[in-house]
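Asks: Below you will find the structure I want to go over with you.
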Amino acid sequence: MLSTPTPSPALQKPPLRAIAYLTLASFASQAMVRSVDTLLPQIATDFDTTVGTASIVVTAYAITHGTVQLVIGPTADRFGKYRSIAIACALSAITVALCGLASSLGILALARLASGMTAAWILPLALAFIGDTVPYEQRQHVLGRFMAGQIIGQMTGQAAGGILGDLFGWRMVFFLLAAMFAIASVVLLIELTTNPATRAADRRVQNGRGLRADYVTIFSDPWARFVLLVTFLEGGLIYGVFPFVGAHLHSHFGLSFTAIGVVIGGFAIGGLCYAGLVNVMINRLGQIGIAVGGGVMMGAAFLALALMPVWGIAPPAVFAIGIGFYMLHNTLQTVGTQMTPQARGTSVSLFASVYFLGQTAGAFLAAPVVDRFGAPPLFVVSAIGLPLLAFWFTLRLKAR
């Protein structure tokens with residue numbers, strides 16, 4: 001059976017206010033990541049360079065954001081997840097403000113490198129904290145709602161980054177994001193000092209094993225290895241392919257970038273619909289049904305994108321991919337918080353890192369295919385791979 005430790009009486013009721021503050025921190029981190037997408041042209045103009053050269057600020061962030069995940073888990077398990085997130089928000093306020101003060105592209109890239117290192121703590125440790133404090137049978141409900149903060153943060157970052165950048169310049173966007181991190185750190189620290197639940201869970205899982213022992217614990221567990229493999233494949237099949245939807249719409253149907261932005265925004269709207277319907281879905285479909293349904297829905301939507309004769313098929317297909325992705329990923333995320341409870345901080349951080357590495361590998365493998373054959377062959381791969389992945393995952397989950 002899937003390991004579902006019974007929480008202590010003090011933790012039987014989920015600390016919803018504490019989790020709401022974590023949602024604010026997650027909102028800030030996701031808004032910060034996505035805002036740069038729309039700021040690149042302005043940054044390039046300000047530093048008199050090309051957009052391609054300016055994209056080093058995206059790469060710099062990705063490098064530290066993906067790699068630091070491998071070491072933050074044991075630290076948080078030892079010193080406390082909620083405390084670590086509060087400190088990470090405070091440090092992010094500083095590093096993001098330094099982005100706004102950068103006097104050259106090189107300094108901006110270094111500041112982004114630092115901000116990736118500080119902001120990377122927030123999301124995986126928030127998931128681990130939820131895993132520690134929310135009983136397993138309630139966890140997917142709570143994680144589904146927590147996800148809404150991430151999705152809205154992404155949407156806000158993309159939209160507000162462009163609008164505020166046009167009105168006040170790209171530096172002001174970073175200053176506002178820094179203020180958001182500062183506010184998040186203050187409310188998290190207040191909650192840490194006033195709510196015993198933010199500290200009690202960590203006392204239950206603190207250990208002196210260290211980094212090496214935690215990784216031995218995780219990788220010696222066949223179930224944990226399987227969950228990480230599925231997570232890696234999911235990242236590649238989704239985010240190794242989905243970024244090319246916009247390029248396909250532009251090259252084959254001549255859509256403007258504004259129209260493409262609206263179409264791609266349907267992915268986030270689909271995610272918000274899932275967040276709003278998660279309780280209904282769990283009650284009617286169950287965890288297995290949600291994961292299978294998500295994989296099948298994404299498969300059908302990617303097949304529609306591969307075969308679409310007119311661009312009008314893209315908006316509902318992208319919307320369906322958004323709902324289907326969060327149906328599968330939220331289930332996988334819920335299981336990921338429970339795969340190694342005795343080293344939860346490390347295991348969830350590793351989960352996030354593997355997911356990031358899957359995206360990177362998927363994009364790397366997909367790029368030459370797109371250059372030679374276009375995007376539709378990739379859409380077909382995802383159309384086949386995602387339902388099969390969902391069925392494989394749920395078959396193993398049933399066996400637990």
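Asks: Could you order the peptides 305-316, 76-87 from most to least packed, using the average number of other C-beta atoms within 10 Å per residue?
Replies: Highest to lowest by the protection proxy: 76-87, 305-316.
Asks: What list of ³J(HN,Hα) couplings, whole Hz, do you get for the stretch 301-307 from phi and the Karplus terms 6.51, -1.76, 1.60, once you set θ to phi - 60° and write x for glycine and proline?
Replies: 5, 5, 5, 4, 5, 5, 9
Asks: Taking a spot 7 Å from the Cα of Leu307 along the direction of its beta carbon, which residues of the stretch 366-392 have an amide N less than 13 Å from it?
Replies: Only 380, 383-384 fall inside the zone, counting backbone N under 13 Å.
Asks: Ok, one more. Net charge near Leu229: determine it from the other residues with C-beta under 14 Å of the C-beta of Leu229, scoring Lys and Arg +1 and Asp and Glu -1.
Replies: 0
Asks: Which ³J(HN,Hα) values, rounded to whole Hz and listed in residue order, are derived for the stretch 61-77 from phi using the Karplus coefficients 6.51, -1.76 and 1.60 in 6.51 cos²θ - 1.76 cosθ + 1.60 with θ = phi - 60°, glycine and proline given as x?
Replies: Listing the rounded values in order: 5, 4, 4, 6, 4, x, 7, 5, 4, 6, 10, 6, x, x, 4, 5, 4 Hz.
Asks: Rounded, prolate or oblate: which one fits the stretch 229-367, using the alpha carbon gyration tensor with axes a ≥ b ≥ c (rounded when a/c is under 1.5, else prolate when a/b beats b/c, else oblate)?
Replies: Oblate is the answer for the stretch 229-367, as a/c is 1.5 or above yet b/c matches or exceeds a/b.
Asks: Calculate what fraction, in whole %, of the accessible area of the chain sits on carbon and sulfur atoms when a 1.4 Å probe is rolled over the protein chains.
Replies: Roughly 71 percent, rounded to a whole number.
Asks: Then there is this: Report the gain in length on full extension from Leu229 to Arg396: 0.36 nm times residue separation, minus Cα-Cα distance, nm rounded to one decimal.
Replies: 58.9 nm
Asks: Another question about this same structure. So, taking all protein chains as they sit and a 1.4 Å probe, how much accessible area belongs to Met155, in Å² rounded to tens?
Replies: Probe radius 1.4 Å; accessible area of Met155 about 70 Å².
Asks: Ordering Cys89, Cys273 by accessible area with a probe of 1.4 Å, largest first, what comes out?
Replies: Heavy-atom accessible area, descending, gives Cys273, Cys89.
Asks: Rounded to the nearest 20 debye, what is the charge dipole size of the chain about its Cα centre when +1 sits on each Lys and Arg Cβ and -1 on each Asp and Glu Cβ?
Replies: For this selection, approximately 1100 debye.
Asks: If Phe393, Phe232, Phe219 are ordered by their accessible area, calculated over protein heavy atoms with a 1.4 Å probe, which sequence runs from highest to lowest?
Replies: Ranking Phe393, Phe232, Phe219 by accessible area, largest first, yields Phe219, Phe232, Phe393.
Asks: What's the FRET efficiency of Asn279 with Phe168 using the Cβ-Cβ distance as r and R₀ = 41 Å, to the nearest 0.05?
Replies: 0.55
The values are calculated or read from the model by the stated rules, or taken from the named source; none is laboratory data. Everything quoted here is computed from the prediction, not taken from an experiment. Cβ: placed from backbone, ideal geometry, glycine included. Neighbour counts: every protein chain shown. To get the accessible areas, we keep the full protein, side chains included, count just its heavy atoms, and leave off ligands, DNA and RNA. Shrake-Rupley method; radii C 1.70, N 1.55, O 1.52, S 1.80 Å.
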